[in-house]
1. What about residue 59, is it of a type in the set (S, T, N, Q), open to solvent by 10 Å² or more (accessible area, probe 1.4 Å) and either within 18 Å of the chain's Cα centre (by Cα) or at pLDDT 95 or above (or both)?
2. Among the residues of region 235-255 satisfying the criterion of being closer than 28 Å to residue 165 by Cα and without any contact (Cβ under 8 Å) to a residue 40 or more places away in the chain, which is most open to solvent (accessible area, probe 1.4 Å)?
3. State yes or no: is residue 211 more than 28 Å from residue 16 (Cβ to Cβ), modelled with pLDDT of 90 or more and not aromatic (Phe, Trp, Tyr)?
4. Need a quick list: strands (runs of 3 or more DSSP E) entirely within region 127-207 having at least 2 residues that are among the charged types (D, E, K, R).
5. Of all residues in region 82-125 being at pLDDT below 85 and of a type in the set (D, E, K, R), which is nearest to residue 62 (Cα to Cα)?
6. Which condition breaks for residue 66 when tested against (1) open to solvent by less than 10 Å² (accessible area, probe 1.4 Å); (2) modelled with pLDDT under 90; (3) out of contact with any strand residue (DSSP E or B) (no Cβ under 6 Å at 6 or more places or on another chain)?
7. Taking the residues in region 145-167 that are of a type in the set (Val, Ile, Thr) and free of Cβ contacts under 8 Å to residues at least 40 places away in the same chain as candidates, determine which candidate is farthest from residue 211 (Cα to Cα).
8. Listed residues 257, 231, 221, 235; which is under 12 Å from residue 11 (Cα atoms) and assigned to a helix (DSSP H, G or I)?
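The values are calculated or read from the model by the stated rules, or taken from the named source; none is laboratory data. Not measured: the values here are computed from a predicted model. Note that each Cβ is placed from the backbone with ideal geometry, even for glycine, and that neighbours are counted across all protein chains shown. Accessible surface is based on the protein model in full, side chains and every heavy atom, while ligands, DNA and RNA are left aside. Shrake-Rupley method; radii C 1.70, N 1.55, O 1.52, S 1.80 Å.
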Amino acid sequence: MVVHHETVVAVVATRPETVLADYARLLDLAGLATPGDDAGERSWSLVASATAGGSGPASTCPPWQMEGVVSALLDAGCRPENISLTVASRQPGAGPAVQQWRRVLADYDVDDMPVGPNDAPSAAPRLLLANLRTHGRLGLVGAVAAQARAALIDLETGDNEAVADRLQTIWKRDASLVAGAVVDATVVGDGTTESALVPVAAHLILAGRDPVAVDAVACRLAGLDPNRVPLVGALGGADLGCSDLAAIHLVGDTDGLPASLDLVSAR
């Protein structure tokens, strides 16, 4: 990931009645869905993460995130046949979430047969779609975790140092393919284990070309130092993304952005 001198992360406040329009604005602010003469030829591989069951708070990318991103890309001129979906999960229990995503894709005439992590990955630029939740060992799970899951890295039981080392290797290999990240923080999962997450309504969505920077801003909202969050800090420390909050330029709904979501697990 090449980090520009000024790394931009867009943040937009959202509500259920405006969420699709808010996603269109978010991707435009982040430079991820801008109309142009070549828009019809652009291809995108949406990498979306889900965990087993997918029924708890922030356990999977919500369907409105998938719809918001797809509709924004199509409105910018992308053709339905140039959008594909990669499921960043090898857990069979992720099926219900995948079915929701497939229904959304079918509504927009996008090929609704997802590519699993064991299949050959698409060569199209990857747009990482993630939800946001805290994690007892990893601190925070967001966009970087979506890329890790797509690479079949075991985040739940793997040793932090070993996971970080493998992620750095894969990130370097795939740097030219990762085009950006979109994080849905409408509801954040607060807790140390997936089975004991408490939903916290944040009503925020984030996006940027640098997934590490997007996660760094998410860390700030969670009340965490991004450089002390293992995966984000490892990539930032290896110059594979920007984890320095002082070097990130926030755009969008920044005036009312809370200093912290006051999550219990981050205290």
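1. Spelling it out, it is not the case that residue 59 is of a type in the set (S, T, N, Q), open to solvent by 10 Å² or more (accessible area, probe 1.4 Å) and either within 18 Å of the chain's Cα centre (by Cα) or at pLDDT 95 or above (or both).
2. Once the filter is applied, the top-ranked residue is 246.
3. no
4. Once the strands (runs of 3 or more DSSP E) in region 127-207 are filtered for at least 2 residues that are among the charged types (D, E, K, R), what remains is 178-190.
5. 112
6. Here residue 66 meets the rest and fails (2).
7. 157
8. 221
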